[in-house]
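Undergrad: Here it is, the structure in full.
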Amino acid sequence: MIVKMNKYAFPVYHKEYDAFLERLRSTGVVHVKQTKPVADHPVIVKLTAENKRVTAQLEYLDGLLKAEGKSGAEPAPVKELPSVSESEKILVQVEDIRDKLGKSKTSLLSLEKEREAISVWGDFGYDTLAKLREAGYVVTFFTCPESHYDEAWENDCNACIINEIQSAVYFITITPSGANLSINADRAKLPVKDYEHIMADIEAEKKQKEELEGKLQDIARNYYDSLNSLKTNIENETAWNNVLLQTDSRADDKLMLLEGWIPDDRTAEMEKTLACAGDYFLKLEVTDEDNIPIKLKNNRLTRLLEPITKLYSLPNYNEFDPTPLFAPFFMLFFGMCLCDGGYGLLLILITWYLKRKLSDDVRPVLSLLQCFGVATLIVGTVTGSFFGASIVNIEYLSSLKKYFISSDSLMIISLVIGFFHVIFGKLVAASKIKIQRGWKYSLSAFAWIFLILAFACVMVLPMADIHLSKTVEYILYGIIVVSALVALFYNTPGKNVFLNFGSGIWITYNTVSGLVGDVLSYIRLYAIGLTGGLLGGVFNSIAIDMTASLNPFVRWLPMLIILLVGHALNITLSMIGSLVHPLRLIYVEYYKNSEFEGGGNDYKPFKKL
C-alpha cells in the first residue's frame, strides 16, 4: 500500500529559522520538497565527496573485521567517541596507510618478478662478477631454445650451461675483456641487484607490509565506530544544507518558506509538536503536477519483497503498490523453478541457521529466502521430487501416486497460471484506470477481461472434458458479444464511433498477439524446474554408477563427495534461474499487462541520524 501524503508549507522568520529546522528535524517525518538541483551546490558537492571517502574506508575496515570474525555493523561497546577533527585525522591516517600498503604490494610484486628472473641463474653475487671484470674477464648471460644451442660455444667462448627449463637453455660465457662474441642467442636482462639482495628486499618489504596491515587492523578494531560517526555527521550536514538550498527567501530575505510532505498517519504528531513551539504551518492542496514521495506500507510478509519492487522502480503516487499484488505469484514462481522438496527443506534449514549467526541487517533477506524455501518445499513435494530422486516411485507411496503432479501436468499448470497472471495484470490495469479517470474510461479494459475469460471457458473447457450446459454457453456467448462491442466501439469515450472502431481493431491485434506470447512465456516455469530435477537425478545416477564396483565399506565416501558437489552445483545454478526468471515474468509480463508506470521517488524524511 502507498501511504497517503499531505503537503505543508512552513513560513518562518529568518532569525528563528535554524531553531525551527532543529525542531523539524527532531520530528523526523517531513520529506522536504526538492525544487532546486544539488549538483551545482559547492557545499553539498564537497560533503558528498567527503562521504564517499569515508564510506570507501569504512567498507575496507569492515572487510578486515569480517576477516577476523567480526563486523563493523555489530554494536560497539559504549565509549566516548573522538571529536570530528580527530576522526578526520584518523580518516587521513587510514588513507595514508592504505596508500603506503598499495605501494608496498606493488613493490613486492616487482621484487618477486626480479627474483623469478634471476633465480634461473642460481644464487650468485654481483661482487664476484666485478672481481672477474677487474681480472680482465667478462661474464655474459644468454638464453636460447634448446635446439639452437651450439656446443662449439663451450670451446670458443667458454660457454657453460647454468639451467634448462621447458626447452630453453640458460648459459653464460666467460671471455677476455674486449673479445668479440658472435653467438646467435638472446642476451638475458638481469635485475639491478643479485639474488641475495633481492631476497633481503623481499623480506623487508613483507615485514613493512605486515606492519601496515597490523596498523589498519588496529584502527579497524578501535576506530571503526569513530569513522562511522564521522560518516553520520557528514550525512546530517548534507541533509541540513540541502534543506537550506530548498528554502525560498521572501520579503527581502526576512521570511523563509519551506515546503514538504508528511505521511498522513504522522501529520497529527507533527502538527502538535510544532504548535507547542509556536511555529506556523499551512496545509496545501495536492495537485497533479506535484512529485509526491512514495512510502510503502505492507504487512510482515509482503514487506520482505519491497526490495524487489525498488529494484525496478517505485510506483508513482497515482497507482497501486505492486508489492502485495505480485508477492504470492513471485514466491510460487520461485518454487516452481527450483521445484525440489529437498532443496526447499535445505534452504529453510540453512537460512534458519544463518539468521541466528548474522546481523539484523541481513535477516530480512534470509526471511525472504525462507519463504522461498517453503514454496519450493510445497511445490517439490506435490511434484514428487526430493534431491533429484522421484519419491513417486517409492513402493509404499504407490497408493498416493495419483495425487502427485506429473511433469506433463506441470507444463499445463504453468500455462494456466500464466494465463490467470496475465488476466490478473489486466484487471489491475483496468482498476487503476477506473480510479484515476472514472468508470467510462475503464469499461473497455474490463470488457477485454470478460471477453477473454468467456472465450476461454467456451473454447478451452471442452478440451479438458468439462462440458457446460447450453444455458451457460449462451450466457457466455452473450458476454463475448457485448464485451466485443464495448471493446471495439467504446475504447475511447468522447471520440467518433469510426475512430473508436479503428482503434479497437489495432487494440485487438495487440491484445491477441500479446496475450499468446505472454502466456507462452510462462512455460519457462516448467522448463527451469524440469532441468533442475533432471540434473539432480543425473548426479544421483553418477554417484551410484561410478562407485558400483567399489567395496561397500569404502563406497559411501566417494558417493557422498559426488552427491555433495553435484547437488551444491545444481542448487546454486537452479537458485540463480529461480530468481532471474520470476523477476522477468514480473517486470515484463505482469508490469506490461498491469500498465505499471513507476517513476516514484522514495520518501526520505529530514531527520538526524
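The values are calculated or read from the model by the stated rules, or taken from the named source; none is laboratory data. What you see is a predicted model, and the numbers here were worked out from it, not measured in a lab. All Cβ positions, even for glycine, are placed from backbone atoms using ideal geometry, and neighbour counts span all protein chains on display. With ligands, DNA and RNA removed, areas are computed over all heavy atoms of the protein, side chains included. Shrake-Rupley method; radii C 1.70, N 1.55, O 1.52, S 1.80 Å.
Undergrad: Is at least one residue of the stretch 429-445 of a type in the set (Phe, Trp, Tyr), more than 30 Å from Asp340 (Cβ to Cβ) and buried (at least 17 other Cβ atoms within 10 Å of the Cβ)?
TA: Taking the stretch 429-445 and keeping what is of a type in the set (Phe, Trp, Tyr), we get 439, 441.
Adding the requirement that they be more than 30 Å from Asp340 (Cβ to Cβ) leaves 439, 441.
Right, trim to buried (at least 17 other Cβ atoms within 10 Å of the Cβ) and you get 441.
Looking through the stretch 429-445, at least one residue is of a type in the set (Phe, Trp, Tyr), more than 30 Å from Asp340 (Cβ to Cβ) and buried (at least 17 other Cβ atoms within 10 Å of the Cβ).
Undergrad: Something else about it: Residue check: is Ser513 exposed (fewer than 15 other Cβ atoms within 10 Å of the Cβ), part of a helix (DSSP H, G or I) and among the small types (Gly, Ala, Ser)? Break it down into steps so the answer makes sense when it comes.
TA: On the way: exposed (fewer than 15 other Cβ atoms within 10 Å of the Cβ): yes; part of a helix (DSSP H, G or I): yes; among the small types (Gly, Ala, Ser): yes.
Judged against the criteria, Ser513 is a match.
Undergrad: Of everything in the stretch 526-566 that's of a type in the set (S, T, N, Q) and over 30 Å from Ser414 (Cα atoms), which residue is most open to solvent (accessible area, probe 1.4 Å)? So that I can check it myself, show each step before the final result.
TA: Step one: list which residues in the stretch 526-566 are of a type in the set (S, T, N, Q), which gives 531, 540-541, 547, 549, 551.
Subsequent filtering for residues that are over 30 Å from Ser414 (Cα atoms) retains 547, 549, 551.
Details: Thr547: 3, Ser549: 111, Asn551: 80 Å².
Selected residue: Ser549.
Undergrad: Next up: So which residues in the stretch 101-126 are part of a helix (DSSP H, G or I), of a type in the set (Asp, Glu) and in contact (Cβ under 8 Å) with a residue 60 or more places away in the chain, if there are any at all?
TA: Here is the first cut: in the stretch 101-126, the residues part of a helix (DSSP H, G or I) are 101-119, 126.
Applying the additional criterion that residues be of a type in the set (Asp, Glu) yields 112, 114, 116.
Within the stretch 101-126, Glu112, Glu114 meet the criteria.
Undergrad: Out of the residues in the stretch 141-173 that are loosely packed, with under 14 Cβ neighbours inside 10 Å and in contact (Cβ under 8 Å) with a residue 40 or more places away in the chain, which is nearest to Val192 (Cα to Cα)?
TA: Among residues in the stretch 141-173 that are loosely packed, with under 14 Cβ neighbours inside 10 Å and in contact (Cβ under 8 Å) with a residue 40 or more places away in the chain, the one nearest to Val192 (Cα to Cα) is Asn163.
Undergrad: To continue, here is another question. Of these, Met463, Met411, which one is part of a helix (DSSP H, G or I), at pLDDT 85 or above and more than 27 Å from Gly504 (Cβ to Cβ)?
TA: Values: Met463 fails: at pLDDT 85 or above.
Selected residue: Met411, the only one of Met463, Met411 that is part of a helix (DSSP H, G or I), at pLDDT 85 or above and more than 27 Å from Gly504 (Cβ to Cβ).
Undergrad: Look at Lys193 and say whether it is crowded, with 16+ Cβ neighbours inside 10 Å and among the basic types (Lys, Arg).
TA: When the stated conditions are applied, Lys193 passes them.
Undergrad: OK, next. Only one of (1) in contact with a Phe, Trp or Tyr (Cβ under 9 Å, 6 or more places away or on another chain); (2) open to solvent by less than 60 Å² (accessible area, probe 1.4 Å); (3) part of a helix (DSSP H, G or I) is not met by Glu95, so which one is it?
TA: (1)
Undergrad: Exactly one condition in (1) within 22 Å of Asp265 (Cα to Cα); (2) at pLDDT 90 or above; (3) hydrophobic (A, V, I, L, M, F, W, C) is not met by Met1; state its number.
TA: The number of the failed condition is (2).
Undergrad: Among the residues that make up the stretch 601-608, is at least one of them open to solvent by less than 20 Å² (accessible area, probe 1.4 Å) and either assigned to a helix (DSSP H, G or I) or among the acidic types (Asp, Glu) (or both)? Outline the logic, then answer.
TA: Filtering the stretch 601-608 down to residues open to solvent by less than 20 Å² (accessible area, probe 1.4 Å) leaves 606.
Going one step further and asking which of them are either assigned to a helix (DSSP H, G or I) or among the acidic types (Asp, Glu) (or both), we end up with none.
Checking the stretch 601-608: not a single residue is open to solvent by less than 20 Å² (accessible area, probe 1.4 Å) and either assigned to a helix (DSSP H, G or I) or among the acidic types (Asp, Glu) (or both).
Undergrad: Within the stretch 299-339, which residues are open to solvent by less than 20 Å² (accessible area, probe 1.4 Å) and part of a loop (DSSP other than H, G, I, E, B)?
TA: Scanning the stretch 299-339 gives Pro315, Glu319, Asp321, Pro322, Cys339.
Undergrad: Between a residue in the stretch 437-450 that is at negative phi and any residue that is not in a helix (DSSP H, G or I), which pairs come within a Cβ distance under 7 Å, given they are 6 or more apart or on different chains?
TA: Hits for this filter: Lys440/Pro493; Tyr441/Pro493; Leu443/Tyr490; Ser444/Tyr490; Ser444/Asn491.
Undergrad: Can you name the residue in the stretch 411-427 that is open to solvent by 20 Å² or more (accessible area, probe 1.4 Å) and aliphatic (A, V, I, L, M) and, of all such residues, is nearest to the chain's Cα centre (by Cα)?
TA: Keep residues of the stretch 411-427 that are open to solvent by 20 Å² or more (accessible area, probe 1.4 Å), which gives 411-413, 415-417, 419-420, 424, 426-427.
Those still in the list that are aliphatic (A, V, I, L, M) too: 411-413, 415-417, 427.
On the way: Met411: 30, Ile412: 32, Ile413: 30, Leu415: 29, Val416: 31, Ile417: 27, Leu427: 31 Å.
Among those that are open to solvent by 20 Å² or more (accessible area, probe 1.4 Å) and aliphatic (A, V, I, L, M), it is Ile417.
Undergrad: What tally of residues in the stretch 254-271 results from selecting those that are touching a His at 6+ places or on another chain (Cβ under 6 Å) and charged (D, E, K, R)?
TA: Matching residues across the stretch 254-271 total 1.
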